[in-house]
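*Asks:* Next up is a structure, given as structure tokens.
The values are calculated or read from the model by the stated rules, or taken from the named source; none is laboratory data. On a predicted model such as this, the values are computed, not experimentally measured, just so you know. Cβ atoms come from the backbone with ideal geometry, glycine included; neighbour counts cover every protein chain shown. These area figures cover heavy atoms from the full protein model, side chains too; ligands, DNA and RNA do not enter into them. Shrake-Rupley method; radii C 1.70, N 1.55, O 1.52, S 1.80 Å.
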Amino acid sequence: MTLSLSSVAKTYGDGTRALNPTDLEINPGEIISLLGPSGCGKTTLLRLIAGLEVPDNGANIRFGDEDVTRLPVEKRNVGMVFQSYALFPNMSVRDNIGYGLKMQRLPRAEIQSRVDEVIALCRLEPYANRAITALSGGQRQRVALARAFAPRPRLMLLDEPLSALDAALRLELRDELAALLRQFGTTVIFVTHDQDEALAIADRVAVMEGGKIRQIGTPEELYRNPQSAFVAEFVGHAMPLSGEIRQQTLCLEGGELPLPDHAGGGSVYVRAEDLRADPTGPLQAKVETVTFLGTHYRLGLTGLTGQRMFALHHGASSPAIGDNLRLSIAPDALICLPHS
Amino acid sequence: MTLSLSSVAKTYGDGTRALNPTDLEINPGEIISLLGPSGCGKTTLLRLIAGLEVPDNGANIRFGDEDVTRLPVEKRNVGMVFQSYALFPNMSVRDNIGYGLKMQRLPRAEIQSRVDEVIALCRLEPYANRAITALSGGQRQRVALARAFAPRPRLMLLDEPLSALDAALRLELRDELAALLRQFGTTVIFVTHDQDEALAIADRVAVMEGGKIRQIGTPEELYRNPQSAFVAEFVGHAMPLSGEIRQQTLCLEGGELPLPDHAGGGSVYVRAEDLRADPTGPLQAKVETVTFLGTHYRLGLTGLTGQRMFALHHGASSPAIGDNLRLSIAPDALICLPHS
Amino acid sequence: MKETPVTARSFGVLCLLPLLIFSLAFLALPLVRLVLSSSEGADGWSVYIRMLQTPRYLAALLQTLLVSGAVTVAALAVSTTAGLFLTRNRFWGRSALLSILTLPLAFPGVVVGFMIILLGGRQGLVNQITPGHVVIAYSTFGLFLGYLYFSIPRVLLTVMAAAEKIDPALEEAARSLGAPAYRVLWDVLLPALRPAMVAAGAIAFATAMGAFGTAFTLATDIDVLPMVIYTEFTLSANFAMASALSIALGVVTWGVLLIARSLSGGTVAAGG
Amino acid sequence: EDAICYNCPPQWADWASMLEAIETEIGVSLPHDNKNSGQTFAQLVAEKENPVADVAYYGVTTGIKAGKEGLVEAYKPAGFDDIPEGLKDPEGKWFAVHYGTIGFFVNVDALGGAPVPQCFADLKKPEYQGMVGYLDPSSAFVGYAGAVAANLAFGGDLQNFDPAIQFFSELAENSPIVPKQTSFARVVSGEIPILFDYDFNAYRAKYEEDGNFEFVLPCEGSVRVPYVMSLVGNAPHSETGKKVLDFILSDKGQAIWTNAYLQPSRPVELPAEVAEKFLPASDYERAQAVDYAEMEKAQAGFGERYLNEVK
Amino acid sequence: MMRLPKLLSMLVTLLACAFLLVPTLQSVLAGITANYFRGISSGLTLKWVIEVWTLYADSIFLSIWLAITCLAVTLILGVPAAYALARNPGRLSRVLEEFISLPLAIPGLALALALLQLYGSQQGFRAHWSFILVGHVLYTLPFMVRAVQAVLAAIDLKTLEEGAASLGAGPARRFVDIVVPNALPGILAGSLTVVTLSIGEFNLTWMLHTPLLKTLPVGLADSYASMRLEIASAYTLVFFVMIVPLLMAMQWASARAQRILS
Ligand SMILES: Nc1ncnc2c1ncn2[C@@H]1O[C@H](COP(=O)(O)OP(=O)(O)OP(=O)(O)O)[C@@H](O)[C@H]1O
Ligand SMILES: Nc1ncnc2c1ncn2[C@@H]1O[C@H](COP(=O)(O)OP(=O)(O)OP(=O)(O)O)[C@@H](O)[C@H]1O
Ligand SMILES: NCCCCNCCCN
Ligand SMILES: [Mg+2]
Ligand SMILES: [Mg+2]
């Protein structure tokens, strides 16, 4: 089922314009992530698709051929996974998973067998008859997924499904979530403000800011070809190389850097991992802080541009604080944006 | 002031042995981190040093020459920063920071000037007269630090000072905290269960487990020369290369690996970043998952040992799922432990 | 819910309807009737002026306010002390003490009055163990004790609930900064308990203002307002004045609760 | 059959026996009801449109007032004519059912060694501190009757209550207990050692309860007052109410009062074994009858003065 | 460390306990003593309790009946209303809440007076137990509403309902399947409070009752005024026997509800 939004916008009762008119098309079976900072309208967009909010006039939401714009959530047949999971504490794991099927008034036997199926898929057999309160965070997440998936929804919608977990568990469950969603095979839209999560799970990522979708594309596209300063900074923490561009040369406080041909007159960005210590490099900076992070050191540098810059340093030992460090940047590591 | 603990142990009223007899010496001005999983006794040790818990008989705690074992906290002159910050909600930022000085019955003018000093140091000028409730998490943390530091304590004790913050803020404030603590110049002990935090901030890290200090050393020492499987796995997520050792060769499911001379008859560990794709490598494994993480790909591998292993892959494109990958490990990247 | 404006809203209305009808019929209308009744005496609406000009009524109002105020202060002092002691110390028999202290929560006022007679009456313990005749039950002090009796549990429960929520780290922080015990109490604990104390005090006060059964049983000479209302009602059936006094009592009590609520910021409810 | 009597308290005037007899003799069951005369009157006023009670029992002045207010229905039960003039409304809106004489009902054991008081004046002595009880004269008829008695004792009359007001004010120094309702049990239990009450209550304690009780007719004199009943206007069970009233005034009913140390309102000779339990007739000579209509007229004014002036 | 303050507060606690407990013990003792004026030496007996039963059994049963019906009515009126209020927090809800809480601020006597003046002349109603019931419901309803509302506010009701809605459940289904079961701790705590308060209610009932409809506390007041001390005490003993288990259960239930809240 293809999901098509056109001119979908939302203004809340208090006048907040949470979402500007948005068009979006999502293909059957695609996993789409809505990524963006807090308050950018991710949840609002998701809830509009679910039918939990009513869009401003003029909007049109289609599930395949069906216009669902005015349909309430209970008639849309979508599966929702909430940040808090919203599992029914008064029901067992089984009953939670079977609730949607019960609402469809399926025969008891069919409910049974379909619940068993989903339980097996989500590897929840040992917990099937437990109370919700007797589950760990990760198990709850799986139950929430199973519950949303059991009625075979046309669309699965997940609002920050991992953010209720602690950091260690989040990392672990990220892979599991990605695997399960792929197994389900349904169209999925999930909201996150964590770029790692979006990059790791989604087929395509829609980066949002200020109630707008800024860019949509595959993880690699976004990382390698950000179309705006915002996307560059938000995805992969690119740092602005602020200086003056004279012809094809970028003049920085810490040296001059030839620019590749495709660089326009706009701004130039670089990522910490692309800023290399190189004794013959054209740039130089002073090491202000050194942080050991196991796989590498993170160096805080001054004197390269007006702001503090960071470089990652791999190796057994690191430059010392106060050292003057020569640096180079590979030409294709420069992110050149038309205008900021 | 040197802090010396000898035979410090703690058994709680309900019989829980939270800390086994521990000896520890901390030099003046050192920043020490207590790192370990939940329940390992970090907080207990910190509270014993603070004087908030009474140690079991036989313990001795010295601040320099002074035996403080039986001194209650209010007489020890230590600065505490709590996980919840425990700022007094009925007092302004100023009054919180000045509270310790007031308890020392300093003249009002001196309190004023010393509070101003600390406020400046912690860059809290704009908030000095605010109510605590009007501060963000990061600002609260700075106030808590300033309050603990203002009376010029002999020792600053911090219990998971960053864990009340959300992930993004935590990262940001980590550097700030490290810088401030260094500026203070006092001896600092801080508790964390996050290895990145410990490695990034501390001069020396004491890794704890089950009520014991397992190893104490600089971040690099712990990372490169873990003395036990626990430390290897907890610091830097080393993965066990479980296989059979025949003479100087490690026989794995995915191939054989010569071991360096120093390897004893114990177990061998490797970190994901040291598992290299190498067409000529002696090992092979099958790619099961590929996760794009911006700076690199993370590959989930099977067939190398009995468990799933991970490798990091730097490069513009990644191996595909299902590929058979040849791998090598640099000899000095192997972590060889005497016996597990 | 927004997604189904019509059905969800009408369901919400349906949920409220029974309560609305009941409150209208048995609360709103009777109160209106009470106001009207107050004007149906010989004095008409000037019954309120007469009320204010009759020293006996004013004295009763003052008495009631004084006794209720004193009880509030005493109950706060006793219950806060006991509440802090019980939250901060675990010992054998603690839950028994807690049960005893909350026991009178559901005693009707008459029972409380009877308890005071048993304690301070002619056959009471005090009279038996003190030399000479010390009968306190039938004095203002007896009434005060009665009100205190039913106020202690109410205040205690609220204060303890709040005391249990105080982050122990606050106290430890103060101590680590060098504060002695009394300063910890003054600088940390009491400020943290303040909203609960205001709320609990308001409850105690409102309950004492309306207390009737206790005064009725003790039959003391103290004319507290509820007794005066009762007397007005029964003496020559002066319904208008009884209504007017009831309204005055209700307005004063409700006003105090309202002020307390705005002070404590939280929800303050009388505990009956 | 059920009927409701307002103010038929089992612990007063031996209504317990009377109610039991009514149940067995004429098959009407009346619930116990502890009001006092004032409460009864107020309740009748409140329920005037739609009464709950069928018959009411109260002090004579309350009966007169209820008659005037039109709260009751005229009814002349059998035996009505035997009731002496002045003790019944000519139309039958109220009529006496028995008398009582005001005095001190004393629990001697509870006096803590102090002598049994003999006069109103004695009660002001410090040795009776906290021991004297009287029912609220502004609410209960007994209380008012006690006040009238004290007033007469100190030289007042129904136009001048100054002596009573002064007496109560002085008595206030002695911390009296002032309940609003019948307090027979509190005297029996010793909680109120001395109560202004009727002879019949005191005799019942003296002869039927465990303990040492006395009835004292104060040396300054006292009053005797009738208790009256009425048929409530528009009573829900009017006919049953009439049956009850008939029975109470019948020989059988009056005999029940007699056995409970009450003086019946119809001139019935006291049986000798009952008579000898009373104080000697010479004492009773100090108790006088008053003009009950006048007494009624003065009641509201006195109640008001009492509330305002006695503290 | 904090010797003196601790000692002092312990003393205050113990004194307060003694103050509350001693008279209840006295009353229990008096209720089973043959002659309290003479003391225990007169012997222990159950005759007063039996006498109370013969005199007041009707009152006790009436009180139990009233408590049960009061519970039923407050459940029907209170639970859906608490739900509606919890789902629509706003000025209007606050006003309504404040309004139904008035019986906590206005003395019972005044409320009873108001009811009497409006409905006192409806003979059939005035003399029926439902008239007293109305008073009890007025007084206990806010406790039910608050208890339920507190629990509903603490569980993320809106999201739970959205979860159910996304699975196809309409408003009524959600109320039955999600709201009521999850409000149960609050409903239980509220129910016990309602029953306990109803059994002990005096201020309103004293004005509203008729001689045929005396509740337990009205009977208590009666017996205090006119019965011997032993009977009054025995009656109080009966009251304790009924109310203390309820109180214990009530505190257990609200502690349980409280745990959900935190
Ligand atoms: N019910 C509401 N009424 C008014 N404003 C709202 C409402 N819900 C959200 N908003 C506002 O709309 C904007 C977008 O909110 P939304 O919840 O969609 O953001 P988000 O991207 O999901 O953020 P987060 O990462 O914090 O969840 C914000 O400014 C928010 O404050
Ligand atoms: N007051 C106490 N009474 C009894 N046992 C306790 C108490 N405090 C802690 N413990 C137990 O002592 C052990 C060590 O606890 P501690 O709080 O020191 O661990 P921790 O390392 O700080 O853990 P976390 O990271 O979860 O804070 C745990 O098993 C804990 O359950
Ligand atoms: N009327 C005075 C209040 C005494 C106790 N009331 C009982 C109700 C319990 N909440
Ligand atoms: Mg959101
Ligand atoms: Mg800890």
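*Asks:* Could you identify which residue out of C:Thr158, C:Thr54, C:Thr102 has the top mean-square fluctuation in a GNM of chain C using Cα springs shorter than 10 Å?
*Replies:* C:Thr54
*Asks:* For the rotation bringing A onto B, which A residue has its Cβ nearest the axis, and at how many Å?
*Replies:* A:Ala167, 3
*Asks:* A further question on this structure: Sort shortest first the distances from A:Ile321 to its counterpart in every other copy, using label points 7 Å along the Cα-to-beta-carbon line, and give them in nm.
*Replies:* When each copy's label point is compared with this one, the spacings are 4.6 nm.
*Asks:* If I model a spin label at E:Leu44 and E:Ala72 as a point 7 Å from the Cα along the Cα→Cβ vector, what separation in nanometres do I get?
*Replies:* In this crude spin-label approximation the distance works out to 4.0 nm.
*Asks:* For the stretch A:175-189 and the stretch E:186-241, what is the separation of their Cα centres, given in Å?
*Replies:* Using only Cα atoms to place each centre, the spacing works out to 63 Å.
*Asks:* Relative to the longest principal axis of the C-alpha atoms of chain D, give the angle of the C-alpha long axis of helix D:238-249, reported between 0 and 90° and rounded to the nearest 10°.
*Replies:* Result, in degrees: 50.
*Asks:* From the residues C:Gly69, C:Phe107, C:Tyr138, which one has its Cα farthest along the dipole of the stretch C:43-263 in the positive direction, the dipole being from +1 and -1 charges on Cβ of Lys/Arg and Asp/Glu about the Cα centre?
*Replies:* So the residue furthest toward the plus end is C:Phe107.
*Asks:* Hey, how many Å between the Cα centroid of the stretch C:1-70 and the Cα centroid of the stretch E:60-85?
*Replies:* 21
*Asks:* In peptide C:84-92, what is the residue-averaged number of other protein chain Cβ atoms found within 10 Å of each Cβ?
*Replies:* 3
*Asks:* Loop only per DSSP, at most 12 neighbouring Cβ atoms within 10 Å: give me the chymotrypsin sites (Phe, Trp or Tyr not before Pro) in the stretch C:51-148, ordered by residue number.
*Replies:* Sites meeting the loop and neighbour criteria: C:Phe91, C:Trp92.
*Asks:* What are the DSSP H helices in chain B that stretch 27 Å or more along their long axis, judged by alpha-carbon atoms, and whose average Kyte-Doolittle hydropathy comes to at least -1.0?
*Replies:* Once both thresholds are applied, nothing remains.
*Asks:* Could you order A:Val191, C:Val198 by accessible surface area, starting with the largest, using a probe radius of 1.4 Å?
*Replies:* Descending accessible area places them as C:Val198, A:Val191.
*Asks:* Quick one: which residues, 5 or more positions from B:Ala150 or on another chain, have an amide H under 5 Å from its amide H? H modelled 1.01 Å from N in the peptide plane, none for Pro or chain starts.
*Replies:* Amide H to amide H, under 5 Å and 5 or more residues apart or across chains, B:Ala150 pairs with nothing.
*Asks:* So which aspartates and glutamates pass the test for A:Lys212, namely a Cα distance under 14 Å, with those fewer than 8 places away in the same chain ruled out?
*Replies:* Qualifying aspartates and glutamates at Cα under 14 Å: A:Asp23.
*Asks:* Count neighbours as other Cβ atoms within 10 Å of each site's Cβ, and list the chymotrypsin sites (Phe, Trp or Tyr not before Pro) in the stretch D:191-248 that are DSSP loop with at most 16 such neighbours.
*Replies:* When the chymotrypsin sites (Phe, Trp or Tyr not before Pro) of the stretch D:191-248 are filtered for loop state and at most 16 Cβ neighbours within 10 Å, nothing remains.
*Asks:* Within chain C, which whole H helices from DSSP have a Cα span along their axis of at least 27 Å and a mean Kyte-Doolittle hydropathy of 1.0 or more, if any?
*Replies:* C:55-88, C:140-165, C:190-210, C:239-264
*Asks:* List every residue whose amide H lies under 5 Å from the amide H of A:Glu209, counting only residues 5 or more places away in sequence or on a different chain, with H placed 1.01 Å from N in the peptide plane.
*Replies:* So A:Glu209 has HN proximity to A:Arg214.
*Asks:* If you don't mind, there's one more thing I want to ask. Just tell me how shielded B:166-179 is by partners: mean number of partner chain Cβ atoms within 10 Å of each residue's Cβ, no decimals.
*Replies:* Taking the mean over all residues of the peptide, I get 2.
*Asks:* Provide an ascending nm list, one decimal, of label-point separations from A:Pro258 to the equivalent residue in each further copy; define each label point as 7 Å from Cα along Cα→Cβ.
*Replies:* 4.3
*Asks:* Looking only at other chains, what is the average number of their beta-carbon atoms within 10 angstrom of each beta-carbon in C:37-48?
*Replies:* 1
*Asks:* How would you classify the stretch E:1-158 from its alpha-carbon gyration tensor, with a ≥ b ≥ c the square roots of the eigenvalues: rounded for a/c under 1.5, else prolate if a/b is greater than b/c, otherwise oblate?
*Replies:* Since a/c reaches 1.5 but b/c is at least a/b, the shape of the stretch E:1-158 is classed as oblate.
*Asks:* Here's a follow-up. Amide H to amide H under 5 Å from D:Ser222: which residues, 5+ apart in sequence or cross-chain, H placed 1.01 Å off N in plane?
*Replies:* It is D:Ala287, D:Gln288, by chain and number.
*Asks:* Find the relative contact order for the stretch A:3-234 and round it to a whole percent, using C-alpha pairs within less than 8 Å whose residues are 6+ positions apart.
*Replies:* Averaging sequence separation for qualifying contacts and normalising by length gives 28 percent for the stretch A:3-234.
*Asks:* Could you sort B:Arg147, C:Arg175 by accessible area so the largest value comes first, with the probe set to 1.4 Å?
*Replies:* Correct descending sequence by accessible area is C:Arg175, B:Arg147.
*Asks:* With charges set only on the Cβ (+1 for Lys and Arg, -1 for Asp and Glu), what does the dipole of the protein assembly as shown come to about its Cα centre, in debye to the nearest 20?
*Replies:* 2400
*Asks:* Based on the Cβ-Cβ distance from B:Ala320 to C:Lys165, what FRET efficiency comes out when R0 is 51 Å, to the nearest 0.05?
*Replies:* 0.40
*Asks:* Right, next: Among E:Leu75, E:Leu197, E:Leu14, pick out the residue whose Cα is farthest towards the positive end of the charge dipole of chain E, where Lys and Arg carry +1 and Asp and Glu carry -1 on C-beta, about the Cα centre.
*Replies:* In chain E, that residue is E:Leu14.
*Asks:* Another one. Would the stretch E:119-262 count as rounded, prolate or oblate if I go by the C-alpha gyration tensor, calling it rounded below 1.5 in a/c and otherwise prolate when a/b exceeds b/c, oblate otherwise?
*Replies:* Oblate, because a/c is 1.5 or more while a/b does not exceed b/c.
*Asks:* Which residue, B:Ile61, B:Ile329, B:Ile32, tops the fluctuation ranking in a GNM of chain B built on C-alpha contacts under 10 Å?
*Replies:* B:Ile329
*Asks:* Still on this structure, please answer the following. Of the options A:Val188, E:Ala225, C:Ala42, report the single residue whose Cα projects farthest towards the positive end of the charge dipole of the protein assembly as shown (beta-carbon charges: Lys, Arg +1; Asp, Glu -1).
*Replies:* After comparing all options, I get A:Val188.
*Asks:* Loop only by DSSP, 14 or fewer other Cβ within 10 Å of the Cβ. Give me the trypsin sites (Lys or Arg not before Pro) in the stretch E:1-78 that pass, ordered by residue number.
*Replies:* When the trypsin sites (Lys or Arg not before Pro) of the stretch E:1-78 are filtered for loop state and at most 14 Cβ neighbours within 10 Å, E:Arg38 remain.
*Asks:* Let me ask something else about it. Run the dipole for the stretch B:177-273 about the Cα centre, Lys and Arg Cβ at +1, Asp and Glu Cβ at -1, nothing else charged, and hand back the magnitude in debye, nearest 20.
*Replies:* 320
*Asks:* Then there is this: Tell me which DSSP H helices of chain E clear both cut-offs, 18 Å or more of axial length from alpha-carbon atoms and a mean Kyte-Doolittle hydropathy of at least 0.5.
*Replies:* Those that pass (Cα extent of 18 Å or more, hydropathy at least 0.5) are E:3-31, E:47-87, E:129-154, E:180-200, E:229-261.
*Asks:* Sort E:Ser223, E:Ser254 by heavy-atom solvent-accessible area, probe 1.4 angstrom, most to least.
*Replies:* The ordering from most to least exposed comes out as E:Ser254, E:Ser223.
*Asks:* Still on this structure, please answer the following. Compute the Cα gyration tensor for chain C, then decide on rounded, prolate or oblate, letting a ≥ b ≥ c be the square roots of its eigenvalues: rounded whenever a/c is under 1.5, prolate when a/b is larger than b/c in the other cases, and oblate in all that remain.
*Replies:* oblate
*Asks:* For D:Lys88, which lysines qualify as cross-link partners when the Cα separation must be under 27 Å and same-chain residues fewer than eight apart are set aside?
*Replies:* Within the straight-line cut-off, D:Lys88 pairs with D:Lys35, D:Lys48, D:Lys65, D:Lys68, D:Lys76, D:Lys180, D:Lys242, D:Lys243, D:Lys252, D:Lys297.
*Asks:* So which residue, out of E:Gly168, E:Gly219, E:Gly31, gets the largest mean-square fluctuation from a GNM of chain E using Cα contacts under 10 Å as springs?
*Replies:* E:Gly168
*Asks:* Further, regarding this structure: If the only charges are +1 at each Lys and Arg Cβ and -1 at each Asp and Glu Cβ, what is the size of the charge dipole of the stretch B:213-332 around the Cα centre, to the nearest 20 debye?
*Replies:* 220
*Asks:* Not counting ligands, DNA or RNA, and with a 1.4 Å probe, what is D:Glu85's accessible surface area in Å² rounded to the nearest 10?
*Replies:* 150
*Asks:* Same structure, new question: What's the FRET efficiency of B:Arg123 with A:Ala333 using the Cβ-Cβ distance as r and R₀ = 41 Å, to the nearest 0.05?
*Replies:* 0.75
*Asks:* When the Cα centres of the stretch A:34-73 and the stretch D:208-261 are compared, how far apart do they sit, in Å?
*Replies:* With the stretch A:34-73 and the stretch D:208-261 each reduced to a Cα centre, they are spaced 84 Å.
*Asks:* Still on this model: In terms of Cα to Cα distance under 28 Å, which lysines are near enough to A:Lys102, apart from those fewer than 8 places away along the same chain?
*Replies:* Partners found: A:Lys75, C:Lys2, E:Lys158.
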